[in-house]
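S.K.: Pasting in a structure now, in structure tokens, and then I'll have a few things to ask.
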Amino acid sequence: MNYSYNYSYDDDYGDGEESYDYDASPCELNDNRETELMVQAYVHSSICILGFLGNILVIVTFAFYKKAKSMTDVYLLNVALADLLFVVALPFIIYNEQNSWSMGAWVCKLLRGAYSINLYSCMLLLACISSDRYIAIVQARRSFRFRARVLFYGRLICTTVWVLAVALSIPTFLYNDRYEARSGLGNGTTAVCYLKFDQQETAKLVKVLIPSTQMAVGFFLPLLVMVFCYSSIIVTLLQTQNLRRHKAVRVVIAVVAVFIACHLPYNVALLGRTAALFKEKRCGTGKATVLALMVTETLAYLHCCLNPVLYAFVGVNFRNHFQKILVDLWCLGKKYLYGKRSSSVTSEVFISARKSVDGSNNGSSFTM
């Protein structure tokens, strides 16, 4: 969920009233509004484009070139779907924030809820990937029977993750709403999409519950699982003399390092903002909080672009599929432009590609 709104993120009811110690002068939280608009227009738009292309490539690979033969493959496909959900919703969020939420209340709830579902599902699925790699490498002998029914368990776990993500996002759907809030120092108003409440007790509870759940389930829990699993994997891999396994250690370190670098700053900023919710705040502190959330949130968004690189295309098999996709797209483009062959030949390209790739590569898409 995006908490870096400039209008009323500290008011109890969502009516624009803020509890700042103004130091005998009005507090203008919109000083960085122009910077925020530029970040949304350029940085967030770039994240949308790169994230869309990367995750679409993963989905196309599984749809036409590679069957999901391991639990990690099943998880990777669902991570790509979750990230795709986010990068599709983000442009609409950007448009509405820059145009006074012109699409109405239901779109407000839908977009905020979609982002919340993406957050929980993606983070939990990344934890599932690390757990599956731990079972496959550290507990290889004990896991044979469990991994024999790969698709059944993989789909069951993914379904559970999606249901849990929807359940955790219910407060986001319920309490986000479109309403008029005071804009800037003047008497004008602007439409915003944010948490709105009818009772002060509900406001205090939900404004602590939502970010606390997001930090606990959407960051700290996956982080603990990843650190434990990948630490055990590194110890196991270092005990072998296989050069390929040692290269996989670097991949593991990169996965954990990027996860921490992208999500730790935002969660620290969110923790500080939540801890200060019911304290009297000075204007300078409020401005710093808004700026910190804006910068760190953008960094967290970047992770959806890096997931395909870290979890999919870092593997040799997936890179081969990616190259095959580029070759097929080039061939299809030439056939479309020059019209030398019929559409029936076009369909044969995908069939032959799927057969040739599936027949030559049977390993897991993940490097380890």
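Just so it is clear, none of the values below were taken in a lab; they were calculated from the coordinates. From a predicted model like this one, the values you see are computed outputs, not experimental measurements. Quick reminder, even Gly has a Cβ in these numbers, built from the backbone with ideal geometry, and neighbours come from all protein chains shown.
S.K.: If I model a spin label as a point 7 Å beyond the Cα along the Cα-Cβ vector, how far apart are those points for Leu332 and Thr159 in nm?
M.R.: That separation, rounded to one decimal, is 3.1 nm.
S.K.: On full extension of the chain, what length is gained from Ala257 through Ser231, given 0.36 nm per residue of separation minus the C-alpha to C-alpha distance? It would help to have the intermediate numbers written out before the result.
M.R.: Values: separation 26, 0.36 × 26 = 9.36 nm, distance 1.24 nm.
Going from the current span to full extension adds 8.1 nm.
S.K.: Whose amide H sits under 5 Å from the amide H of Phe197, counting only residues 5 or more places off or on another chain, with H placed in the peptide plane?
M.R.: Those qualifying (amide H under 5 Å, at least 5 residues apart or on another chain) are Gly14.
S.K.: Work out from phi, with θ = phi - 60° and the Karplus expression 6.51 cos²θ - 1.76 cosθ + 1.60, the ³J(HN,Hα) of each residue of segment 206-217, listed in order in whole Hz, and give x for Gly and Pro.
M.R.: Each residue of segment 206-217 in turn: 6, 5, 9, 5, 5, x, 5, 5, 4, 5, 6, 8 Hz.
S.K.: So, one more: Net charge near Phe173: determine it from the other residues with C-beta under 15 Å of the C-beta of Phe173, scoring Lys and Arg +1 and Asp and Glu -1.
M.R.: Details: positive: Lys109, Arg112, Arg178, Lys196; negative: Asp177.
Every neighbour counted, the sum reads +3.
S.K.: Follow-up. Starting with the highest mean, order 232-238, 323-329 by the number of other Cβ atoms within 10 Å, averaged over the residues of each peptide.
M.R.: Values: 232-238: 15.9, 323-329: 14.1.
By packing density, highest mean first, the sequence is 232-238, 323-329.
S.K.: I've got another one for you. Using modelled backbone amide H atoms (1.01 Å from N, in-plane), which distant-in-sequence or interchain residues come within less than 5 Å of Phe313's amide H?
M.R.: none
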